[in-house]
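The values are calculated or read from the model by the stated rules, or taken from the named source; none is laboratory data. None of these values were measured; they are calculated from a predicted model. Here the Cβ is made from the backbone with ideal geometry for all residues, glycine too, and neighbour counts use every protein chain on show. Ligands, DNA and RNA are excluded from the accessible area calculation, which covers all protein heavy atoms including side chains. Shrake-Rupley method; radii C 1.70, N 1.55, O 1.52, S 1.80 Å.
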Amino acid sequence: MISIIVATIHRVSELERLLGSLEKQNERNFEVIVVDQNRDDRLAPVLARYANLTTRRLQSERGLSRARNVGLSVAQGELLTFPDDDCWYLPKLLERMKTWFDAHPEFGMLGASLRTAENAPAATMAPTACRCSKDNVSKCVLSATLFMRRVVSLAVGGFDENLGVGSPSQYQAGEERDYVLRALEKGFQMWYDPSLTVYHPTMYSLERQRTTAYAYALSEGYVQRLHAFPLRRVGTELIRSFGGAAIRLCQGDLYRARVCALRGTGQLVGYVSGGRRPIRNH
C-alpha cells in the first residue's frame with residue numbers, strides 16, 4: 001500500500017484538486033492521510049465529497065515538518081509520499097512509481113520532477129535522470145516529489161521540526177533535503193527520474209522569489225553546514241548569487257539583482273549559523 005501524507009492549511013479548492021486527481025489513479029491501493037492545521041472545520045465537506053477514497057483526517061499544530069511527522073506516525077503503507085496541498089497527479093503516477101520501486105529494490109528513495117499545468121518546469125531541478133547524492137541533492141530533491149520506502153522512515157525517523165514552513169525557527173525550508181541527506185548518510189540510495197511528474201503552480205514568479213529568496217537560502221545554508229558541506233562548494237554558490245546580483249545591477253534590473261543578493265546573503269548567514277540541531281529529531 002502507498003501512504004500519501006498531505007499537510008494542509010488554509011487551502012480548500014487546491015486540496016480538492018489533489019483529491020480529485022487521486023480519485024482517478026490507476027493504482028488503487030493507497031491511503032490519504034490529511035493532516036489538517038486549520039482551526040475550523042472547512043475541510044469536512046471536501047473530504048465528504050471524496051468518501052470513496054481511503055482517507056484519514058488528523059490534526060496538528062502549525063508546522064509542515066510537524067504535520068508530516070503526525071502523518072508518519074500512523075501511516076500503514078510500504079511506500080510513502082508527501083505532496084503539497086496544491087499539487088496534483090496524472091492518473092498513472094502512483095502506478096508508475098510503484099512499478100519502479102518493484103523493479104529497483106536497491107533504492108530506498110525516488111524523486112520526480114515538478115511541473116506546471118502548462119508542463120513547464122515549476123522549480124529548478126536536474127534535467128536528466130541521475131543518482132541523487134550529497135553533491136546534487138539541491139537539484140533532485142523536493143518534498144512534494146519525494147517517494148520512499150517505509151524502511152527509510154523507520155531508520156531515519158521523522159522530519160526535523162526545526163526546519164520547514166511554520167517551524168518555530170527562522171529556517172522555513174530545507175526539511176526535505178536534510179531528511180534525504182540523513183538517509184544517504186545511513187546508506188540508503190536515491191534515484192531521480194524527471195519522466196515522473198508531480199504538478200504544482202510555478203515557483204518562478206518574481207514576487208514569490210522576492211518574498212522567499214532570503215528565507216529559503218538561509219535554510220539551505222544552515223542545512224549545508226549541518227551536513228558538513230565543504231566551504232569551497234558553498235563559496236561557488238555564493239559567487240554565483242552575488243555575481244548574478246552584480247550582472248543584473250549592471251543591466252538595470254534592480255528587482256532581480258535584489259533577489260540574487262538576498263539569496264546569497266541568506267545562504268551565507270545560514271551557513272555561518274549552522275552546525276548543530278537546536279531540537280532533537282523525531
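Sub-7 Å Cβ pairs linking a first residue in the stretch 107-121 that is of a type in the set (Phe, Trp, Tyr) to a second residue that is surrounded by fewer than 23 Cβ atoms within 10 Å (Cβ to Cβ) and part of a loop (DSSP other than H, G, I, E, B), at least 6 apart or interchain, are PHE107/GLN189, ordered by first then second residue. For a quick check of your reading of the model, give me the residue pairs whose first member lies in the stretch 222-251 and is surrounded by 15 or more Cβ atoms within 10 Å (Cβ to Cβ), whose second is among the polar types (S, T, N, Q), with beta-carbon atoms closer than 8 Å and at least 6 apart or on different chains. Between residues of the stretch 222-251 that are surrounded by 15 or more Cβ atoms within 10 Å (Cβ to Cβ) and residues that are among the polar types (S, T, N, Q), the close pairs are TYR222/SER273; GLN224/GLN267; ARG225/SER273; VAL234/GLN224; VAL234/GLN267; GLU237/GLN267; LEU238/GLN267; SER241/GLN267. Can you spot a residue in the stretch 180-188 that is open to solvent by less than 50 Å² (accessible area, probe 1.4 Å), touching a helix residue (DSSP H, G or I) at 6+ places or on another chain (Cβ under 8 Å), under 24 Å from LEU231 (Cα atoms) and in a loop (DSSP other than H, G, I, E, B)? No: the stretch 180-188 contains no residue that is open to solvent by less than 50 Å² (accessible area, probe 1.4 Å), touching a helix residue (DSSP H, G or I) at 6+ places or on another chain (Cβ under 8 Å), under 24 Å from LEU231 (Cα atoms) and in a loop (DSSP other than H, G, I, E, B). It is to be established whether one or more residues within the stretch 47-56 are within 23 Å of ARG150 (Cβ to Cβ) and not polar (S, T, N, Q). Within the stretch 47-56 (the criterion being within 23 Å of ARG150 (Cβ to Cβ) and not polar (S, T, N, Q)), the answer is yes, since at least one residue qualifies. One residue stands out in the stretch 54-89 among those that are hydroxyl-bearing (Ser, Thr, Tyr) and more than 19 Å from VAL141 (Cα to Cα): the one that is least open to solvent (accessible area, probe 1.4 Å), namely SER60. Listed by position, the helices (runs of 4 or more DSSP H) contained in the stretch 6-115 that have at least 3 residues being more than 21 Å from the chain's Cα centre (by Cα) and over 30 Å from LYS186 (Cα atoms) are 44-49. Residue count for the stretch 67-125 satisfying the condition of being closer than 17 Å to ARG149 by Cα and of a type in the set (Lys, Arg): 3.
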